[in-house]
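Novice: Handing you a structure now.
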Amino acid sequence: MNKEWWKKAVVYQIYPKSFKDSNNDGIGDIQGIISQLDYLKELGIDVIWLSPIYQSPMIDNGYDISDYQAIHPDYGTMADFENLLKEAHQRSIKIVMDLVVNHTSDEHKWFKEAVKSADNPYHNYYIWRDKPTNFGSLFSGSAWTYQSSVKQYYLHTFSSKQADLNWDYQPLREEIYKMMRWWLDKGIDGFRMDVISLISKKYPLTDGIVHENNVFGDITPFIANGPNVHRYLQEMNEKVLSHYPIMTIGECPCVNAQQALDYVDSNRHELNMIFTFDHVSLDNDCNGKWNTKKTSLIDLKKTLNKWQSSLSNQGWNTLYLSNHDQPRSASRFGNETALSAKCLALTLHFMKGTPFIYQGEELGMTNICFNDISECQDIEAINAYRELVTEEHLFSHEEMMKNINAKARDHARTPMQWNNDQYSGFSHTFPWLKVNPNYQSINAKIQLNDQESVFHFYQKLIKIRHDYQIITDGDYCPLFEDHPDLFAYRRCYQNAEIIILANWSEKVIDYDMDLSNYRILLANSNSIIKNHLNAYEAVAYYK
Ligand code: TEU
Ligand code: CA
């Protein structure tokens with residue numbers, strides 16, 4: 001096997017709770033995933049990234065783990081997981097697991113020990129202070145919670161039920177490495193590492209800057225890219241990762257395109273690639289994500305192009321427009337039509353890097369309409385509503401519901417739309433989060449029977465990536481950088497060239513370019529003519 005097999009791979013992210021419910025309790029599960037492996041094979045993906053399926057109190061849908069080596073009973077058993085791994089491997093599909101080791105649940109046995117007394121051996125697994133700083137948690141409120149049994153506060157970057165681990169304590173690191181080896185020895189094919197850029201804290205922890213409209217201080221300068229993060233990743237690589245033919249992806253908030261190289265330059269022996277947040281933060285404002293601002297295409301191109309060039313020689317990019325934390329890309333960047341979903345896909349999948357498809361994206365699934373906060377399930381949105389509407393009166397109910405309808409993570413988490421049956425074929429029971437009513441027109445069954453569907457377009461994109469080496473190895477060169485609606489670039493490799501021209505708007509675009517020696521490799525419309533693109537038309541030319 002080529003050591004860098006992941007460079008040619010296409011990854012499909014499964015959010016287990018919302019993918020497929022096999023036993024009709026309204027919650028997706030491992031048997032449900034197994035039942036859809038043939039669907040994924042048909043799509044053509046190489047790797048599944050599985051969001052957490054571990055034992056957990058589920059306050060953040062499994063990103064709050066109470067036992068790293070057990071499966072949550074809602075999802076099935078360890079035997080079910082082993083069966084999934086076997087069935088996937090039989091179809092030549094690899095499985096990458098989520099590794100959430102910046103924090104554990106407060107119901108993890110380490111934490112339960114840690115709170116028994118300050119001299120308990122596990123106390124040092126977490127981060128304690130006698131007095132809190134002003135840090136705000138990324139899920140609202142203070143980032144410190146008082147633990148009366150030890151008369152100290154513990155740090156939690158996310159909710160109070162997600163206590164940050166103390167990576168500076170070597171025994172903790174060794175336990176994590178042992179747990180990772182245990183999974184790798186089962187035969188899994190890699191890890192997606194949750195907020196791995198946050199594991200090394202910058203001491204001393206003092207009060208953070210209070211930005212406009214904020215009550216709490218900014219925690220991020222104290223947690224992102226801390227002084228030891230690269231030492232720990234190199235140690236993890238040496239002790240664990242380098243011994244397996246796997247793929248590693250770090251989720252890296254607060255890492256810019258320059259800093260990214262420190263994580264992914266192959267000479268540094270850390271990670272294969274990271275997820276950047278740059279291009280999905282362009283529509284933030286001083287209140288963070290909670291607004292209805294649209295991303296400008298010029299900014300988006302600038303950001304993606306910067307990452308393409310920054311990691312062009314050493315390192316490697318991930319390519320994504322959506323995941324379980326982001327609104328649906330067809331709603332955020334497109335106009336919710338199948339044509340626009342294909343336009344976004346074509347633009348992304350010809351770039352240099354490893355593409356990630358989020359479940360339902362291959363169908364052009366869209367955001368849903370939440371009428372009231374009571375319809376949302378996500379802790380981030382629920383806490384933000386309480387803080388920003390009820391407590392601080394920064395937004396009215398109506399304003400915040402608009403923000404939630406633009407940005408909430410629950411948009412990505414509505415049940416997968418399999419067919420026209422009640423509950424979209426996801427389950428026979430009312431699911432844990434409501435189904436998008438548009439499942440009657442947007443679903444897998446319809447699209448499998450339609451050669452012109454978004455599904456079949458993704459299938460073509462994946463096949464082309466597998467067949468054309470230029471897409472993996474070719475140089476990337478941006479075109480029409482200042483055009484407000486046209487996303488365009490050139491890929492070059494040996495004597496071959498690909499030119500991508502995509503209209504990310506509802507306007508008609510005329511552009512000037514000599515394409516006389518080129519033929520169409522793929523387009524999302526049958527009416528493409530040279531030097532002209534109608535609304536959301538996109539084309540890949542080849543020579
Ligand atoms: O996300 C990290 C992260 O930075 C996001 O939570 C981000 O703050 C938020 O989505 C912005 O809207 C990872 C996981 O992907 C996410 O699901 C978890 O909730 C989080 O870590 C905590 O584990
Ligand atoms: Ca179930």
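Novice: Kindly establish whether PHE350 is in the same structural domain as MET58 (by the TED database), within 16 Å of ligand 1 (Cβ to nearest atom), in contact (Cβ under 8 Å) with a residue 12 or more places away in the chain and touching a strand residue (DSSP E or B) at 6+ places or on another chain (Cβ under 6 Å).
Specialist: no
Novice: Moving to a separate point now. Looking at TYR439, TYR423 in this structure, which one is crowded, with 19+ Cβ neighbours inside 10 Å and on the phi > 0 side of the Ramachandran plot?
Specialist: Step by step, each of TYR439, TYR423 is checked, and only TYR423 is crowded, with 19+ Cβ neighbours inside 10 Å and on the phi > 0 side of the Ramachandran plot.
Novice: Could we say that ASN24 is free of Cβ contacts under 8 Å to residues at least 24 places away in the same chain, more than 16 Å from ligand 1 (Cβ to nearest atom) and surrounded by fewer than 16 Cβ atoms within 10 Å (Cβ to Cβ) here?
Specialist: Answer is no for this residue.
Novice: In addition: With respect to the numbered conditions (1) touching a residue at least 24 places away in the same chain (Cβ under 8 Å); (2) closer than 22 Å to THR354 by Cβ; (3) surrounded by fewer than 23 Cβ atoms within 10 Å (Cβ to Cβ), which one is the sole condition not fulfilled by ASN256?
Specialist: The single condition ASN256 does not satisfy is (1).
Novice: Now a separate question. Mind telling me which of the residues SER92, SER18 ends up being among the polar types (S, T, N, Q) and either within 15 Å of ligand 1 (Cβ to nearest atom) or in contact with a His (Cβ under 8 Å, 6 or more places away or on another chain) (or both)?
Specialist: Unique residue meeting the criteria: SER18.
Novice: Answer yes or no as to whether LYS289 is touching a residue at least 60 places away in the same chain (Cβ under 8 Å) and farther than 18 Å from ASN228 by Cβ.
Specialist: The answer is yes for LYS289.
Novice: Would you confirm whether or not the range 421-438 contains a residue that is in contact with a Pro (Cβ under 6 Å, 6 or more places away or on another chain) and within 24 Å of ASN526 (Cβ to Cβ)?
Specialist: Within the range 421-438, none of the residues are in contact with a Pro (Cβ under 6 Å, 6 or more places away or on another chain) and within 24 Å of ASN526 (Cβ to Cβ).
Novice: Quick check on ASN383: is it farther than 22 Å from THR295 by Cα, surrounded by fewer than 22 Cβ atoms within 10 Å (Cβ to Cβ), in contact (Cβ under 8 Å) with a residue 24 or more places away in the chain and assigned by the TED database to the domain that holds SER281?
Specialist: yes
Novice: Scanning for something within 30 Å of ALA523 (Cα to Cα) and of a type in the set (S, T, N, Q), does the range 397-413 turn up at least one residue?
Specialist: no
Novice: Quick test for you: out of PHE277, PHE222, pick the one residue that is out of contact with any Leu (no Cβ under 6 Å at 6 or more places or on another chain), of a type in the set (Phe, Trp, Tyr) and either over 30 Å from ASP185 (Cβ atoms) or at pLDDT below 95 (or both).
Specialist: PHE277 is the lone residue from the list that is out of contact with any Leu (no Cβ under 6 Å at 6 or more places or on another chain), of a type in the set (Phe, Trp, Tyr) and either over 30 Å from ASP185 (Cβ atoms) or at pLDDT below 95 (or both).
Novice: While we're here: In this structure, does THR133 turn out to be in contact (Cβ under 8 Å) with a residue 12 or more places away in the chain and part of a loop (DSSP other than H, G, I, E, B)?
Specialist: For THR133, the condition - in contact (Cβ under 8 Å) with a residue 12 or more places away in the chain and part of a loop (DSSP other than H, G, I, E, B) - is met.
Novice: For residues that are surrounded by 14 or more Cβ atoms within 10 Å (Cβ to Cβ) and assigned to a loop (DSSP other than H, G, I, E, B), tally how many sit in the range 270-292.
Specialist: 13
Novice: Within the range 486-527, how many residues turn out to be over 24 Å from THR337 (Cα atoms), in a strand (DSSP E or B) and in contact (Cβ under 8 Å) with a residue 24 or more places away in the chain?
Specialist: Residues in the range 486-527 being over 24 Å from THR337 (Cα atoms), in a strand (DSSP E or B) and in contact (Cβ under 8 Å) with a residue 24 or more places away in the chain: 6 in total.
The values are calculated or read from the model by the stated rules, or taken from the named source; none is laboratory data. What you are looking at is a predicted structure, and each value in this text was computed from that prediction instead of being measured. Reconstructed Cβ throughout: ideal geometry from the backbone, glycine too, with neighbour counts over all protein chains shown.
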